[in-house]
């Protein structure tokens, strides 16, 4: 992304001396190619316009997520510059061949250029060009696209990011926004006629399942599909995709744009007050006669998009970096019903799916059920310890500590009990040995049968709950989902208190001592929308094993879970 940003900076300033001040390669290297090979008519056709088109195509798909007003401009650029008789791949091949011919003696052009980075830049452009047809399709080049926008409030955590209080509809054609509609989710849910039995924990607050509770599964493609299904049941047209945001993503953008003035509300919204201001307006401060609590979001969105579209170039690339960070941290999730586009999203790491691994795995998923907005004042620490036994058996211990910092806030929703349905996802087939620290509560819920007349069962929920067993010693519910074994319990934390939950379990595989060497690895997936729990990983090995390689280099590692983490070791058996 940084290379592309620098590249466009150089391109936009072509013909000016400023191009020679761009770091670290970008426009200067392009100029060198043209100077040293100016007699080659094919190389001369590899112009600034070709390069900006490739970069723009890549960036446009990212901008779709939250700066949609720029798409129209971007596609207009793309339409002007892609006319050529030489394919993009042929042009890139020519440039690749030209790189070794660049004359490093041309100091007036080479100042600060790292020629070693040029092949990587060309390869990046090649990858972008391959994706161009898919990106263009997602932007409505061949037919109009409809996107369902989901706003997940991570102050009230749910499996894929937070409670769905607001949704939107975006219609786009040839990169132009044709319609942007934002509304409260309950207005859509009010059109739902079908009665569907919800997952067991949701029965605590609702007898029927609907779109605002549909993001129940931590695997985003699964939850997004369920959201689409409920939206269709409300009478909505089938969308082409779903794009999800948390408030954190908007905060990152506001850090770049600066404050947004909203005189009609006598407000100035910035990254520091966005969450509290919007929550207050949507829950307490809205016009009760008008009774449109989400109106402020509908009024805010176009103002933010307009400010983004008018940013100077330098700020625009800061927006891109903010969006890239939000994607990496899963504050923005994307899902497409088009298999080709969905494959592209998955390859980019934007799909938010539960990943497969044949070794150790951990993901802690919190779902706030009637716990207000208290996740905004919860600090969480996760500790993972793997102990390899002399026979190769692996025993894992996971310690989850949750601290409630509310109780004295001016905002009442931070002073409530945090009611959390905690699910711990581990390798499928893991055997629970011990569980403690969770809340033992008998929830009175409606039962199937006579208490659910005319209600339908959801096939996926029924499939998951059919695998469920209850550990007699601890009351832990154990079931299978997304190719993982899940340990689930209620965890209640009152304001000012700290609760520690401990799970101890045996993994379904061993270290193989019959081989000269064997490996262990751990994939830790953060919960989508989480601000990032503190995380510590450690491993203990027996006397008969020697570590011959490990990643990272330290065995005991502390970090945060703003992104997924990976740890690995290779062992060698010691001779007796």
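Using only the Cα atoms of region 129-199, each taken as one equal point scatterer with no solvent, compute I(q) by the Debye sum, divide by I(0), and report log10 of the ratio at q = 0.15, 0.24, 0.25, 0.28 Å⁻¹.
Log10 I(q)/I(0), no solvent term: -0.71, -1.02, -1.04, -1.13.
At 0.36 nm per residue, and after removing the present C-alpha to C-alpha distance, how many nm does the segment from residue 391 to residue 264 gain when stretched out fully?
38.7 nm
Jot down the radius of gyration and Dmax of region 472-576, Cα atoms only, both in angstrom.
Rg, Dmax (Cα atoms, Å): 17.3, 55.
For region 316-471, compute the orientation-averaged projected area of the C-alpha convex hull (one quarter of its surface), in nm².
15.6
Between residue 173 and residue 328, what's the calculated FRET efficiency when r is the beta-carbon distance and R0 is 22 Å? Round to 0.05.
Calculated transfer efficiency: 0.15.
What does the highest-first list of 453-462, 289-298 look like by mean Cβ count within 10 Å?
289-298, 453-462
If you average the sequence gap of Cα pairs under 8 Å that are 6 or more apart and divide by the length of region 424-573, what percent do you get for the contact order?
Rounded, it is 26 percent for region 424-573.
So between residue 313 and residue 538, what do we pick up on full extension, going 0.36 nm a residue minus the alpha carbon distance?
Here the segment from residue 313 to residue 538 would lengthen by 76.5 nm.
Quick check: from the Cα gyration tensor, does region 346-410 come out rounded (a/c under 1.5), prolate or oblate?
Oblate, since a/c reaches 1.5 and b/c is not below a/b.
Shape call for region 452-516 from the C-alpha gyration tensor, a ≥ b ≥ c root eigenvalues: rounded (a/c under 1.5), prolate (a/b greater than b/c) or oblate?
Oblate.
Compute the Cα gyration tensor for region 145-347, then decide on rounded, prolate or oblate, letting a ≥ b ≥ c be the square roots of its eigenvalues: rounded whenever a/c is under 1.5, prolate when a/b is larger than b/c in the other cases, and oblate in all that remain.
Oblate is the answer for region 145-347, as a/c is 1.5 or above yet b/c matches or exceeds a/b.
Would you work out the relative contact order for region 145-347, in percent, from Cα pairs under 8 angstrom that are 6 or more residues apart?
Over region 145-347, the number comes to 21 percent.
Only residues of region 427-442 count here: report those whose backbone N is under 20 Å from the spot 7 Å along Cα→Cβ of residue 465, or say none.
The answer is 441-442, whose backbone nitrogens lie closer than 20 Å to the label point.
Note the direction-averaged projected area, equal to a quarter of the hull surface, for the Cα convex hull of region 301-391, in nm².
For the Cα atoms of region 301-391, the hull's average projected area reads 11.4 nm².
Quick check on packing: order 382-389, 207-214 by the mean number of other C-beta atoms within 10 Å, highest mean leading.
207-214, 382-389
A short reminder: the numbers here are calculations on the coordinates, not readings from a lab. All figures in this text were calculated on a predicted structure; none of them were measured in a lab. So basically every Cβ, Gly included, is an ideal-geometry build from the backbone, and we count neighbours across all protein chains shown.
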